[in-house]
Amino acid sequence: MDLWYTEKHTDGAGITLRVKKSLFSGESEFQKLDIVDTMDYGRMMLLDGLVMVTERDEFIYHDMITHPALFTHPNPQKVLVIGGGDGGTIREIVRHPEVELAVLCEIDGLVIEKSIELLPSMASAIDGSNPKVKLHIDDGIAYIKEHQGEFDVILVDSTDPIGPAVGLFEEDFYQTVFAALKEDGIMVAQSESPFYHADIQKEMFGNLRAVFPIVEMYQAFIPTYPSGFWSFAFASKQYHPVKDFDRKRAANREFHTRYYNEDLHLGAFMLPTFAQENIAE
Ligand code: AG3
């Protein structure tokens, strides 16, 4: 059998992966969840038909949502992830020796449950075996309202701004994140494709700048996301990701990262002109 899955990125373009087998297909109260085994990218998770992660390229996204903020902050002890139910972001956070507590607040318990069962390489830190990790199955917005001034770093590992994640791109939400951070806290959020999502980026970065004094975009190459050219928003109260970056500390890290490194940390903040223009003030 010749089975291919296509995620449409526009009305005329998309990505197509050959599927060996469906491993799970179901629906929670929030969204549709599918996990399939692909020919070239290993296992893949889809939410409402959109590619969230594949085993082959997830290291790029999870390195890049985590390490730039955790190597900019001088002492990241308490870190919160909103979304990220596959566990890949938490897995990277707990590799930092400074981290004492990593909280995962994911709205959809089914995503966590099926990731532990079918994506163990990503979910290795959320399966109950890591004492630094706490799980909350809850709406991220409600959760941070009750945790003001607590976190050094908050990572927003969301889906696209449709469905349950819409609120995670709004100014009100960034205000609440600001309040949930300590006085030198940092937030990073995935911020879509500069190539396809100029409008979303313009609005999102405008909303962030209304709240945070330091707002920068950085980029990563992620083959299975729309256009392969992906981005993250770095929003910070005090530390600048380039000017305050402690290159030595990053270079001396005692764990291996297959995408992130101390040169790339700086290079990722250098943007092509069209991407700069998406978020020009
Ligand atoms: N979160 C970002 C997914 C966005 C992809 N969009 C798309 N395929 N249209 C991924 C969660 C990884 N922990």
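For the reader, a short list of remarks on this structure follows.
- Among LYS114, LYS202, LYS248: highest mean-square fluctuation, GNM of the chain, C-alpha pairs under 10 Å: LYS248
- When each of LYS78/LYS202; LYS202/LYS243; LYS78/LYS132 is checked by Cα-Cα distance, pairs over 20 Å: LYS78/LYS202; LYS202/LYS243
- Overall Cα dimensions of the stretch 56-157, principal axis frame, Å, largest first: 35, 29, 22
- Helix axis angle, 109-118 relative to the chain longest principal axis, alpha carbon, degrees: 70
- Beta-bridge orientation, the chain: approximately 65 percent antiparallel, per DSSP, counting only bridges with both partners inside.
- Computed label-point distance, nm, for sites MET270 and GLU29 using a 7 Å Cα→Cβ extension: 4.9
- Partner lysines for LYS8 [C-alpha distance under 21 Å; skip if fewer than 8 residues away on the same chain]: LYS20, LYS21, LYS32
- Solvent exposure, largest accessible area first (probe 1.4 Å, DNA, RNA and ligands not counted), of THR38, THR273, THR10: THR273, THR10, THR38
- Sum of -39500 (n - 2.57) over DSSP H runs of 4+, divided by residues of the chain (222 nm, nearest 500): -7500 deg cm²/dmol
- Ranked packing of 144-151, 84-91, most packed first, by mean Cβ within 10 Å: 84-91, 144-151
- 0 to 90° range, to nearest 10: angle between helix 198-209 axis and the chain longest Cα axis: 30
- Heavy-atom accessible area for ARG56, with the other protein chains in place and a 1.4 Å probe, reaches approximately 130 Å².
- GNM result for the chain, Cα springs below 10 Å: residue of THR72, THR257, THR224 fluctuating most strongly: THR257
- For the stretch 58-278: relative contact order, % (alpha-carbon pairs under 8 angstrom, 6 or more apart): 21
- Degrees between helix 58-72 axis and first principal axis of the chain (Cα, 0 to 90, nearest 10): 10
- By the Kirkwood approach, averaging reciprocal distances over each pair of separate Cα atoms, the stretch 58-278 gets a hydrodynamic radius of 17.2 Å.
- Rounded to two decimals, the Cα-based Rg/Rh of the stretch 178-281, with Kirkwood Rh, is 0.97.
- Each Cα pair of the stretch 3-53 feeds into the Kirkwood radius, which the Stokes-Einstein equation turns, at 25 °C and 0.890 mPa s, into a diffusion coefficient of 218 µm²/s.
- Globularity index of the stretch 1-92 is 1.28 (Cα radius of gyration / 2.2 N^0.38 Å, N = number of residues).
- The distance separating the Cα centre of the stretch 40-78 from that of the stretch 111-128 comes to 14 Å.
The values are calculated or read from the model by the stated rules, or taken from the named source; none is laboratory data. As the structure is a computational prediction, the values presented were derived from the model and not from experiment. Cβ: placed from backbone, ideal geometry, glycine included. Neighbour counts: every protein chain shown. Remember, those area values only see protein heavy atoms, side chains included, never the ligands or the DNA or RNA. Shrake-Rupley method; radii C 1.70, N 1.55, O 1.52, S 1.80 Å.
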